[in-house]
1. Test of understanding: among PHE359, PHE384, which residue is touching a His at 6+ places or on another chain (Cβ under 9 Å), closer than 18 Å to THR36 by Cα, open to solvent by 10 Å² or more (accessible area, probe 1.4 Å) and within 16 Å of the ligand (Cβ to nearest atom)?
2. Output the residues belonging to the stretch 91-125 that are in a helix (DSSP H, G or I), within 21 Å of ALA70 (Cβ to Cβ) and without any contact (Cβ under 8 Å) to a residue 40 or more places away in the chain.
3. Kindly indicate whether any position in the stretch 150-165 is modelled with pLDDT of 95 or more, basic (Lys, Arg) and over 24 Å from ARG278 (Cα atoms).
4. Out of the stretch 32-89, which residues are farther than 24 Å from GLY403 by Cβ, open to solvent by 40 Å² or more (accessible area, probe 1.4 Å) and in contact with a Lys or Arg (Cβ under 8 Å, 6 or more places away or on another chain)?
5. Are there helices (runs of 4 or more DSSP H) fully within the stretch 1-88 with at least 1 residues that are at pLDDT 95 or above and farther than 30 Å from ASP106 by Cα? List them.
6. Looking only at residues in the stretch 203-212 that are touching a strand residue (DSSP E or B) at 6+ places or on another chain (Cβ under 6 Å) and at pLDDT 95 or above, which one is farthest from the ligand (Cβ to nearest atom)?
7. I need the strands (runs of 3 or more DSSP E) fully contained in the stretch 237-332, keeping only those with at least 1 residues that are touching a residue at least 12 places away in the same chain (Cβ under 8 Å), away from the ligand (no atom under 15 Å from the Cβ) and among the aliphatic types (A, V, I, L, M).
8. State whether the residues of the stretch 233-245 include one that is of a type in the set (A, V, I, L, M, F, W, C) and open to solvent by 20 Å² or more (accessible area, probe 1.4 Å).
Amino acid sequence: MRPIDPVRYTPFFSFRDGQLAAESVTLERVAQRVGTPTYVYSRRAIETAWRKFDRAVSGVPHTVCYSVKANSNLSILRALARLGSGFDIVSGGELERLRRAGVSGDRIVFSGVGKTREEIREALAAKILLFNVESEAELDALAGEAARRGIAAPAALRVNPDVQAGGHPHISTGRRVHKFGVDWERAPQVYAAGLRLRSIRWRGVTAHVGSQILALDPFRLALDRLGHLIGRLRREGVTIEFLDFGGGLGIRYGHEKPPEFRSYGKLVARTARKLNCRLLLEPGRAIVGAAGVLLTRVIYRKENHGKAFLIVDAAMNDLMRPALYGAVHPIARARRPLRGERWTRADIVGPVCETGDSFLSDWPVPEIEAGDLMAIWGAGAYGFVLSSNYNSRRRAAEVMVDGTRFRVIRRRERFDDLVRGE
Ligand code: LLP
(Lines give C-alpha, C1' and ligand atoms only; values in the text may rest on other atoms or scores of the structure.)
Protein backbone atom coordinates (compact mmCIF):
# COMPACT_ATOMS: atom_id res chain seq x y z
CA MET A 1 0.00 0.00 0.00
CA ARG A 2 3.02 2.25 -0.37
CA PRO A 3 2.19 5.42 -2.31
CA ILE A 4 4.04 6.98 -5.20
CA ASP A 5 7.29 8.31 -3.84
CA PRO A 6 8.21 11.51 -5.67
CA VAL A 7 11.41 11.91 -3.69
CA ARG A 8 12.79 9.21 -5.92
CA TYR A 9 12.39 11.23 -9.10
CA THR A 10 12.94 14.82 -7.99
CA PRO A 11 16.63 15.16 -7.13
CA PHE A 12 16.21 18.59 -5.55
CA PHE A 13 13.97 17.27 -2.79
CA SER A 14 15.28 14.62 -0.42
CA PHE A 15 15.15 13.42 3.16
CA ARG A 16 17.81 14.88 5.45
CA ASP A 17 17.93 13.28 8.86
CA GLY A 18 14.44 12.02 8.28
CA GLN A 19 13.08 15.45 7.32
CA LEU A 20 11.95 16.34 3.83
CA ALA A 21 14.13 19.11 2.43
CA ALA A 22 14.23 21.30 -0.64
CA GLU A 23 17.91 21.43 -1.54
CA SER A 24 19.49 21.84 1.92
CA VAL A 25 16.54 23.47 3.66
CA THR A 26 14.07 21.31 5.56
CA LEU A 27 10.46 22.08 4.85
CA GLU A 28 9.75 22.08 8.58
CA ARG A 29 12.13 25.02 8.94
CA VAL A 30 10.30 26.91 6.22
CA ALA A 31 6.91 26.10 7.73
CA GLN A 32 7.98 27.21 11.18
CA ARG A 33 9.22 30.54 9.89
CA VAL A 34 6.65 31.31 7.21
CA GLY A 35 3.61 29.26 8.22
CA THR A 36 1.37 27.19 5.97
CA PRO A 37 0.05 26.86 3.33
CA THR A 38 3.21 27.89 1.50
CA TYR A 39 4.57 27.22 -1.93
CA VAL A 40 8.24 26.23 -1.81
CA TYR A 41 10.35 26.24 -4.96
CA SER A 42 13.87 24.97 -5.50
CA ARG A 43 15.86 27.48 -7.45
CA ARG A 44 18.31 24.86 -8.62
CA ALA A 45 15.48 22.66 -9.85
CA ILE A 46 14.13 25.51 -11.97
CA GLU A 47 17.51 26.49 -13.34
CA THR A 48 18.53 22.92 -14.03
CA ALA A 49 15.30 22.22 -15.91
CA TRP A 50 15.68 25.35 -18.02
CA ARG A 51 19.29 24.57 -18.88
CA LYS A 52 18.46 20.99 -19.73
CA PHE A 53 15.61 22.10 -21.96
CA ASP A 54 17.84 24.66 -23.64
CA ARG A 55 20.56 22.07 -24.19
CA ALA A 56 18.08 19.68 -25.74
CA VAL A 57 17.71 22.01 -28.73
CA SER A 58 21.23 23.43 -28.70
CA GLY A 59 21.93 22.00 -32.16
CA VAL A 60 19.81 24.70 -33.82
CA PRO A 61 19.39 28.46 -33.48
CA HIS A 62 16.68 28.79 -30.87
CA THR A 63 15.20 30.70 -27.94
CA VAL A 64 13.48 28.99 -25.04
CA CYS A 65 10.62 31.37 -24.22
CA TYR A 66 9.41 30.31 -20.76
CA SER A 67 5.62 30.48 -20.59
CA VAL A 68 5.00 33.06 -17.87
CA LYS A 69 1.48 31.82 -17.09
CA ALA A 70 2.84 28.63 -15.51
CA ASN A 71 4.37 30.60 -12.64
CA SER A 72 4.78 34.34 -12.88
CA ASN A 73 6.48 35.18 -9.59
CA LEU A 74 8.95 38.00 -10.24
CA SER A 75 11.81 36.14 -8.57
CA ILE A 76 11.32 33.18 -10.88
CA LEU A 77 11.14 35.44 -13.92
CA ARG A 78 14.35 37.17 -12.83
CA ALA A 79 16.14 33.87 -12.26
CA LEU A 80 15.19 32.67 -15.73
CA ALA A 81 16.03 36.01 -17.34
CA ARG A 82 19.51 35.71 -15.87
CA LEU A 83 19.94 32.39 -17.66
CA GLY A 84 19.11 34.10 -20.94
CA SER A 85 15.54 32.87 -21.25
CA GLY A 86 12.97 34.39 -23.55
CA PHE A 87 9.34 34.61 -22.42
CA ASP A 88 5.89 33.81 -23.73
CA ILE A 89 3.12 36.05 -22.43
CA VAL A 90 -0.67 36.12 -22.76
CA SER A 91 -1.62 39.45 -21.22
CA GLY A 92 -0.62 43.01 -20.51
CA GLY A 93 -0.21 41.97 -16.88
CA GLU A 94 2.44 39.43 -17.80
CA LEU A 95 4.17 42.03 -19.97
CA GLU A 96 4.26 44.38 -16.99
CA ARG A 97 5.73 41.64 -14.79
CA LEU A 98 8.52 41.14 -17.31
CA ARG A 99 9.15 44.85 -17.46
CA ARG A 100 9.56 44.84 -13.67
CA ALA A 101 11.85 41.84 -13.91
CA GLY A 102 14.02 43.86 -16.30
CA VAL A 103 13.34 41.79 -19.42
CA SER A 104 13.61 43.62 -22.74
CA GLY A 105 10.92 43.31 -25.42
CA ASP A 106 13.12 41.52 -27.93
CA ARG A 107 12.91 38.42 -25.74
CA ILE A 108 9.11 38.35 -25.58
CA VAL A 109 6.49 36.58 -27.70
CA PHE A 110 2.82 37.37 -27.16
CA SER A 111 0.19 34.59 -27.50
CA GLY A 112 -3.51 34.57 -26.69
CA VAL A 113 -6.86 34.62 -28.49
CA GLY A 114 -8.10 37.90 -27.08
CA LYS A 115 -5.36 40.51 -27.06
CA THR A 116 -7.04 43.86 -26.52
CA ARG A 117 -6.08 47.00 -28.44
CA GLU A 118 -4.54 48.35 -25.28
CA GLU A 119 -2.42 45.23 -24.81
CA ILE A 120 -1.36 45.37 -28.44
CA ARG A 121 -0.32 49.01 -28.04
CA GLU A 122 1.72 48.21 -24.92
CA ALA A 123 3.45 45.31 -26.63
CA LEU A 124 4.22 47.41 -29.71
CA ALA A 125 5.70 50.08 -27.47
CA ALA A 126 7.82 47.41 -25.77
CA LYS A 127 9.08 46.31 -29.23
CA ILE A 128 8.41 42.65 -28.59
CA LEU A 129 9.92 39.97 -30.80
CA LEU A 130 6.72 38.40 -32.09
CA PHE A 131 2.93 38.67 -31.99
CA ASN A 132 1.34 35.24 -32.26
CA VAL A 133 -1.84 36.24 -34.03
CA GLU A 134 -4.86 33.99 -33.57
CA SER A 135 -7.47 35.37 -35.97
CA GLU A 136 -8.06 37.66 -38.94
CA ALA A 137 -9.83 40.13 -36.69
CA GLU A 138 -6.79 40.29 -34.45
CA LEU A 139 -4.55 40.71 -37.50
CA ASP A 140 -6.58 43.77 -38.48
CA ALA A 141 -6.35 45.21 -34.98
CA LEU A 142 -2.60 44.64 -34.90
CA ALA A 143 -2.18 46.18 -38.35
CA GLY A 144 -4.22 49.21 -37.31
CA GLU A 145 -2.26 49.85 -34.14
CA ALA A 146 1.09 49.32 -35.88
CA ALA A 147 0.09 51.69 -38.68
CA ARG A 148 -0.73 54.38 -36.13
CA ARG A 149 2.80 54.10 -34.84
CA GLY A 150 4.18 54.02 -38.38
CA ILE A 151 5.81 50.64 -37.90
CA ALA A 152 5.40 47.07 -39.16
CA ALA A 153 4.43 44.60 -36.43
CA PRO A 154 6.40 41.32 -36.35
CA ALA A 155 3.83 38.56 -36.59
CA ALA A 156 3.33 34.82 -36.76
CA LEU A 157 -0.02 33.14 -37.29
CA ARG A 158 -1.07 30.57 -34.74
CA VAL A 159 -2.28 27.63 -36.72
CA ASN A 160 -4.38 24.88 -35.33
CA PRO A 161 -2.84 21.64 -36.54
CA ASP A 162 -5.89 19.58 -35.48
CA VAL A 163 -4.08 16.95 -33.45
CA GLN A 164 -5.37 15.23 -30.36
CA ALA A 165 -3.08 15.91 -27.43
CA GLY A 166 -3.03 16.97 -23.82
CA GLY A 167 -3.62 15.31 -20.53
CA HIS A 168 -7.21 16.42 -20.00
CA PRO A 169 -9.97 17.86 -22.23
CA HIS A 170 -9.55 21.22 -20.51
CA ILE A 171 -5.88 21.50 -21.41
CA SER A 172 -5.87 20.18 -24.95
CA THR A 173 -5.90 23.04 -27.41
CA GLY A 174 -4.91 21.89 -30.88
CA ARG A 175 -8.16 20.44 -32.22
CA ARG A 176 -10.36 22.12 -34.78
CA VAL A 177 -13.13 22.47 -32.21
CA HIS A 178 -10.99 24.63 -29.94
CA LYS A 179 -10.97 28.39 -29.84
CA PHE A 180 -7.24 28.61 -30.46
CA GLY A 181 -5.50 29.62 -33.66
CA VAL A 182 -6.66 29.37 -37.26
CA ASP A 183 -7.34 26.09 -39.15
CA TRP A 184 -4.21 25.06 -40.89
CA GLU A 185 -6.03 24.69 -44.22
CA ARG A 186 -7.19 28.29 -44.01
CA ALA A 187 -3.86 29.67 -42.83
CA PRO A 188 -2.50 30.49 -46.33
CA GLN A 189 -5.42 32.86 -46.92
CA VAL A 190 -4.72 34.73 -43.70
CA TYR A 191 -1.04 34.99 -44.56
CA ALA A 192 -1.99 36.32 -47.99
CA ALA A 193 -4.20 38.94 -46.35
CA GLY A 194 -1.30 39.92 -44.09
CA LEU A 195 1.00 40.34 -47.09
CA ARG A 196 -1.30 43.09 -48.32
CA LEU A 197 -1.02 44.99 -45.03
CA ARG A 198 2.00 47.28 -44.96
CA SER A 199 2.07 47.40 -41.17
CA ILE A 200 2.33 43.61 -40.78
CA ARG A 201 5.64 41.88 -41.19
CA TRP A 202 5.26 38.11 -41.26
CA ARG A 203 8.13 36.42 -39.50
CA GLY A 204 6.91 32.95 -38.61
CA VAL A 205 4.41 30.24 -37.93
CA THR A 206 3.32 29.16 -34.47
CA ALA A 207 1.33 26.31 -32.92
CA HIS A 208 0.70 24.97 -29.44
CA VAL A 209 -1.14 21.69 -29.35
CA GLY A 210 -1.92 21.20 -25.69
CA SER A 211 -0.46 20.78 -22.25
CA GLN A 212 0.81 17.85 -20.16
CA ILE A 213 1.47 15.87 -23.34
CA LEU A 214 3.03 12.51 -22.55
CA ALA A 215 3.92 11.15 -25.98
CA LEU A 216 5.94 12.43 -28.92
CA ASP A 217 3.43 11.41 -31.59
CA PRO A 218 1.12 14.43 -31.35
CA PHE A 219 4.17 16.71 -31.58
CA ARG A 220 5.46 14.74 -34.57
CA LEU A 221 2.14 15.00 -36.38
CA ALA A 222 1.85 18.72 -35.71
CA LEU A 223 5.43 19.36 -36.85
CA ASP A 224 4.76 17.46 -40.02
CA ARG A 225 1.76 19.61 -40.83
CA LEU A 226 3.63 22.79 -39.95
CA GLY A 227 6.48 21.73 -42.26
CA HIS A 228 4.11 21.39 -45.20
CA LEU A 229 2.50 24.70 -44.41
CA ILE A 230 5.81 26.53 -44.16
CA GLY A 231 6.91 25.10 -47.52
CA ARG A 232 3.73 26.30 -49.15
CA LEU A 233 3.86 29.75 -47.55
CA ARG A 234 7.40 30.30 -48.73
CA ARG A 235 6.45 29.33 -52.26
CA GLU A 236 3.74 31.97 -52.00
CA GLY A 237 6.25 34.63 -51.05
CA VAL A 238 5.79 34.75 -47.25
CA THR A 239 8.97 35.15 -45.21
CA ILE A 240 9.12 32.53 -42.46
CA GLU A 241 12.12 32.85 -40.14
CA PHE A 242 10.60 31.51 -36.92
CA LEU A 243 9.01 28.23 -36.07
CA ASP A 244 7.38 28.80 -32.67
CA PHE A 245 6.25 25.39 -31.49
CA GLY A 246 4.60 26.39 -28.22
CA GLY A 247 4.90 24.38 -25.04
CA GLY A 248 3.06 21.34 -23.77
CA LEU A 249 5.68 18.79 -22.82
CA GLY A 250 4.30 16.83 -19.87
CA ILE A 251 5.96 16.05 -16.56
CA ARG A 252 5.79 13.24 -14.08
CA TYR A 253 3.32 13.81 -11.26
CA GLY A 254 2.67 10.20 -10.30
CA HIS A 255 2.98 7.25 -12.63
CA GLU A 256 3.29 9.23 -15.87
CA LYS A 257 6.22 8.56 -18.17
CA PRO A 258 6.80 11.76 -20.13
CA PRO A 259 9.29 11.86 -22.99
CA GLU A 260 12.80 12.97 -22.02
CA PHE A 261 13.66 16.58 -22.86
CA ARG A 262 16.36 15.13 -25.08
CA SER A 263 14.07 13.10 -27.33
CA TYR A 264 11.55 15.93 -27.52
CA GLY A 265 14.39 18.35 -28.33
CA LYS A 266 15.79 16.11 -31.01
CA LEU A 267 12.42 15.89 -32.72
CA VAL A 268 11.70 19.61 -32.80
CA ALA A 269 15.29 20.57 -33.60
CA ARG A 270 15.33 18.18 -36.54
CA THR A 271 12.26 19.86 -38.02
CA ALA A 272 13.58 23.36 -37.40
CA ARG A 273 16.87 22.46 -39.08
CA LYS A 274 15.14 20.94 -42.09
CA LEU A 275 13.00 24.04 -42.44
CA ASN A 276 15.89 26.39 -41.80
CA CYS A 277 13.91 28.21 -39.10
CA ARG A 278 14.90 29.76 -35.82
CA LEU A 279 13.17 27.62 -33.23
CA LEU A 280 11.10 29.20 -30.46
CA LEU A 281 9.68 27.03 -27.69
CA GLU A 282 7.30 28.02 -24.90
CA PRO A 283 7.63 25.46 -22.12
CA GLY A 284 5.96 26.27 -18.83
CA ARG A 285 5.23 23.16 -16.79
CA ALA A 286 8.40 21.38 -17.93
CA ILE A 287 10.52 24.15 -16.39
CA VAL A 288 8.79 24.82 -13.07
CA GLY A 289 6.28 22.03 -12.47
CA ALA A 290 8.47 19.60 -10.56
CA ALA A 291 10.41 22.38 -8.85
CA GLY A 292 7.70 23.27 -6.35
CA VAL A 293 5.69 21.78 -3.52
CA LEU A 294 2.77 23.17 -1.59
CA LEU A 295 3.36 22.84 2.13
CA THR A 296 0.37 22.29 4.31
CA ARG A 297 -0.39 21.19 7.86
CA VAL A 298 -3.00 18.75 9.00
CA ILE A 299 -5.66 20.57 11.01
CA TYR A 300 -7.83 17.60 11.98
CA ARG A 301 -8.21 13.94 11.39
CA LYS A 302 -11.74 12.55 11.34
CA GLU A 303 -13.69 9.49 10.35
CA ASN A 304 -17.09 9.29 8.65
CA HIS A 305 -18.63 5.87 8.12
CA GLY A 306 -15.27 4.21 8.56
CA LYS A 307 -13.63 6.51 6.03
CA ALA A 308 -10.69 8.57 7.23
CA PHE A 309 -10.25 12.22 6.32
CA LEU A 310 -7.21 14.36 6.81
CA ILE A 311 -8.26 17.98 6.78
CA VAL A 312 -5.33 20.15 5.81
CA ASP A 313 -4.89 23.92 5.83
CA ALA A 314 -4.40 24.18 2.06
CA ALA A 315 -7.49 24.06 -0.10
CA MET A 316 -8.78 24.17 -3.64
CA ASN A 317 -8.35 27.94 -3.68
CA ASP A 318 -4.60 27.42 -3.17
CA LEU A 319 -4.15 24.60 -5.68
CA MET A 320 -6.99 24.29 -8.18
CA ARG A 321 -5.63 21.49 -10.34
CA PRO A 322 -7.23 18.54 -8.54
CA ALA A 323 -10.68 20.21 -8.49
CA LEU A 324 -10.36 21.61 -12.00
CA TYR A 325 -8.77 18.71 -13.90
CA GLY A 326 -8.96 15.77 -11.54
CA ALA A 327 -5.17 16.08 -11.37
CA VAL A 328 -3.33 13.76 -9.01
CA HIS A 329 -0.63 15.49 -7.00
CA PRO A 330 1.03 13.00 -4.69
CA ILE A 331 1.12 14.06 -1.06
CA ALA A 332 3.72 12.93 1.44
CA ARG A 333 4.34 13.59 5.10
CA ALA A 334 7.39 15.81 5.49
CA ARG A 335 8.84 13.34 7.97
CA ARG A 336 10.28 10.16 6.52
CA PRO A 337 8.11 7.09 7.12
CA LEU A 338 9.64 4.74 9.65
CA ARG A 339 10.14 1.07 9.07
CA GLY A 340 7.17 -0.84 10.46
CA GLU A 341 4.94 2.21 10.52
CA ARG A 342 1.29 1.35 9.91
CA TRP A 343 -0.13 2.59 6.60
CA THR A 344 -3.81 3.29 6.10
CA ARG A 345 -5.86 5.11 3.50
CA ALA A 346 -7.39 8.53 3.83
CA ASP A 347 -8.98 11.30 1.82
CA ILE A 348 -6.89 14.45 2.00
CA VAL A 349 -9.19 17.45 1.84
CA GLY A 350 -9.17 21.20 2.40
CA PRO A 351 -11.41 23.35 4.61
CA VAL A 352 -13.35 25.03 1.79
CA CYS A 353 -17.09 24.44 1.70
CA GLU A 354 -17.19 22.42 -1.51
CA THR A 355 -17.16 18.68 -2.06
CA GLY A 356 -14.64 19.31 -4.83
CA ASP A 357 -12.18 20.62 -2.28
CA SER A 358 -10.34 17.33 -2.15
CA PHE A 359 -6.72 16.72 -3.07
CA LEU A 360 -6.67 12.91 -3.02
CA SER A 361 -9.06 10.10 -2.19
CA ASP A 362 -8.11 6.80 -0.60
CA TRP A 363 -4.51 7.81 -0.53
CA PRO A 364 -2.04 5.63 1.37
CA VAL A 365 -0.69 7.49 4.38
CA PRO A 366 1.60 6.61 7.25
CA GLU A 367 0.56 7.49 10.78
CA ILE A 368 -0.52 11.11 10.63
CA GLU A 369 -1.86 13.39 13.32
CA ALA A 370 -3.04 16.94 13.53
CA GLY A 371 -0.09 19.30 13.20
CA ASP A 372 1.89 17.07 10.85
CA LEU A 373 3.44 18.81 7.89
CA MET A 374 2.64 17.52 4.42
CA ALA A 375 4.06 18.30 0.98
CA ILE A 376 1.87 18.35 -2.10
CA TRP A 377 4.09 17.54 -5.06
CA GLY A 378 4.38 18.94 -8.53
CA ALA A 379 2.93 22.27 -7.50
CA GLY A 380 5.43 24.56 -9.23
CA ALA A 381 3.35 25.08 -12.39
CA TYR A 382 -0.26 26.29 -12.48
CA GLY A 383 -0.30 26.26 -8.69
CA PHE A 384 -0.07 29.68 -7.08
CA VAL A 385 -1.00 31.45 -10.33
CA LEU A 386 -4.41 29.76 -10.40
CA SER A 387 -5.13 30.44 -6.74
CA SER A 388 -7.99 32.62 -5.56
CA ASN A 389 -9.44 34.18 -2.44
CA TYR A 390 -12.51 31.94 -2.38
CA ASN A 391 -13.99 31.62 1.13
CA SER A 392 -12.07 34.81 1.95
CA ARG A 393 -8.91 32.82 2.29
CA ARG A 394 -5.69 34.74 2.03
CA ARG A 395 -3.45 33.53 -0.75
CA ALA A 396 -0.43 31.49 0.29
CA ALA A 397 3.13 32.68 0.70
CA GLU A 398 5.80 31.68 -1.81
CA VAL A 399 9.35 30.77 -0.84
CA MET A 400 12.45 30.21 -2.93
CA VAL A 401 15.10 27.87 -1.63
CA ASP A 402 18.64 28.40 -2.82
CA GLY A 403 21.15 25.95 -1.39
CA THR A 404 21.17 26.30 2.39
CA ARG A 405 19.07 29.47 2.36
CA PHE A 406 15.55 30.46 1.62
CA ARG A 407 13.68 33.65 0.97
CA VAL A 408 10.03 34.66 0.97
CA ILE A 409 9.39 35.72 -2.64
CA ARG A 410 5.76 36.59 -1.99
CA ARG A 411 4.46 37.27 1.45
CA ARG A 412 1.29 35.64 2.63
CA GLU A 413 -1.68 37.89 2.00
CA ARG A 414 -3.04 39.85 4.92
CA PHE A 415 -6.65 40.54 5.73
CA ASP A 416 -6.18 44.04 4.34
CA ASP A 417 -5.27 42.52 0.99
CA LEU A 418 -8.61 40.74 0.95
CA VAL A 419 -10.71 43.87 1.12
CA ARG A 420 -8.45 46.23 -0.79
CA GLY A 421 -10.50 47.91 -3.46
CA GLU A 422 -13.86 47.10 -1.91
N1 LLP B 1 2.22 28.39 -25.06
C2 LLP B 1 0.90 28.59 -25.16
C3 LLP B 1 0.37 29.34 -26.29
C4 LLP B 1 0.04 28.06 -24.16
O5 LLP B 1 -1.26 28.25 -24.27
C6 LLP B 1 0.60 27.35 -23.06
C7 LLP B 1 -0.27 26.83 -22.02
C8 LLP B 1 1.99 27.18 -23.01
C9 LLP B 1 2.77 27.71 -24.03
C10 LLP B 1 2.66 26.45 -21.89
O11 LLP B 1 2.26 25.13 -21.82
P12 LLP B 1 3.01 24.07 -20.89
O13 LLP B 1 4.41 23.89 -21.43
O14 LLP B 1 3.03 24.60 -19.53
O15 LLP B 1 2.19 22.85 -21.03
N16 LLP B 1 -3.73 25.21 -16.19
C17 LLP B 1 -3.48 23.98 -16.90
C18 LLP B 1 -2.54 24.19 -18.06
C19 LLP B 1 -3.02 25.24 -19.03
C20 LLP B 1 -2.06 25.44 -20.15
C21 LLP B 1 -2.43 26.63 -20.97
N22 LLP B 1 -1.52 26.93 -22.02
C23 LLP B 1 -2.92 22.95 -15.92
O24 LLP B 1 -2.81 23.26 -14.74
O25 LLP B 1 -2.63 21.83 -16.32
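The values are calculated or read from the model by the stated rules, or taken from the named source; none is laboratory data. Here the structure is a predicted model, which is why all the values come from computation and not from measurement. Glycine gets a Cβ as well: all are built from the backbone with ideal geometry, and neighbour counts include every protein chain shown. Areas reflect the complete protein model, heavy atoms only, side chains present, ligands, DNA and RNA absent. Shrake-Rupley method; radii C 1.70, N 1.55, O 1.52, S 1.80 Å.
1. When all the criteria are applied, what remains is PHE359.
2. Once the filter is applied, which keeps residues that are in a helix (DSSP H, G or I), within 21 Å of ALA70 (Cβ to Cβ) and without any contact (Cβ under 8 Å) to a residue 40 or more places away in the chain, the stretch 91-125 yields GLY92, GLY93, GLU94, LEU95, GLU96, ARG97, LEU98, ARG99, ARG100, GLY105, GLU119, ALA123.
3. No - not one qualifying residue is present in the stretch 150-165.
4. GLY59, PRO61
5. Correct list: 27-34.
6. It comes out as ARG203.
7. Numbers: elements: 242-244, 278-281, 292-304, 307-312.
The qualifying strands (runs of 3 or more DSSP E) are 292-304, 307-312.
8. The answer is no, given that none of the residues of the stretch 233-245 is of a type in the set (A, V, I, L, M, F, W, C) and open to solvent by 20 Å² or more (accessible area, probe 1.4 Å).
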